[in-house]
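First comes the structure, then the notes that go with it.
The values are calculated or read from the model by the stated rules, or taken from the named source; none is laboratory data. Source: prediction; values computed, not measured. Every residue, glycine among them, receives a Cβ derived from its backbone with ideal geometry; neighbour counts consider all protein chains shown.
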Amino acid sequence: MEKNALVPVMAVAIVNGIFSPWVLMVFLLYPVWYPGWLPPYSQIVYMMSALILSTLTIMAAGVPAALYERWAARPSGTVVAGIWLAGTVLLSLPAIPNVIRALSGG
């Protein structure tokens with residue numbers, strides 16, 4: 001798979017990490033994953049929560065693409081990228097209302 005095919009996957013995952021309703025759950029669980037030696041500023045905790053959620057989105061969306069790549073006789077890089085992007089978009093659907101709300105200014 002081309003490296004450039006990963007750019008839209010990462011862009012959608014970043015938007016999901018910032019606007020997903022699940023970011024609140026990751027944020028509230030910060031005592032579990034946040035290092036104790038860092039100051040618990042809410043901006044830093046939120047940024048790291050969004051980063052964790054973005055990374056989890058990329059990892060979970062990559063599973064079907066990896067299974068296709070493993071089981072296909074001749075896997076196509078374009079199909080792998082499409083599966084990965086489709087999985088990322090599917091996992092990002094709950095974030096759409098928050099994205100629309102942010103874009104509308106409300």
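It is to be established whether one or more residues within region 58-78 are over 12 Å from V15 (Cα atoms), aromatic (F, W, Y), without any contact (Cβ under 8 Å) to a residue 60 or more places away in the chain and surrounded by 14 or more Cβ atoms within 10 Å (Cβ to Cβ). Yes, some residue in region 58-78 is over 12 Å from V15 (Cα atoms), aromatic (F, W, Y), without any contact (Cβ under 8 Å) to a residue 60 or more places away in the chain and surrounded by 14 or more Cβ atoms within 10 Å (Cβ to Cβ). All conditions in (1) more than 15 Å from the chain's Cα centre (by Cα); (2) at pLDDT below 95; (3) under 27 Å from R101 (Cβ atoms) hold for R70, with the sole exception of (3). W84 passes every criterion in (1) part of a helix (DSSP H, G or I); (2) free of Cβ contacts under 8 Å to residues at least 60 places away in the same chain; (3) not polar (S, T, N, Q) apart from (2).
Of all residues in region 92-106, those being surrounded by 11 or more Cβ atoms within 10 Å (Cβ to Cβ) and farther than 15 Å from A11 by Cβ number 6.
For region 8-54, a residue qualifies if it is surrounded by fewer than 11 Cβ atoms within 10 Å (Cβ to Cβ) and either assigned to a helix (DSSP H, G or I) or of a type in the set (S, T, Y) (or both), and the qualifying residues are P31, V32, Y41, S42, Q43. Residue pairs whose Cβ atoms lie under 8 Å apart, sitting 6 or more positions apart in sequence or on different chains, and linking a residue in region 87-106 that is closer than 14 Å to L53 by Cα to a partner that is of a type in the set (S, T, Y) and surrounded by 11 or more Cβ atoms within 10 Å (Cβ to Cβ), are T88/T57; L91/T57; S92/S20; S92/T57; P94/S20; A95/S20.
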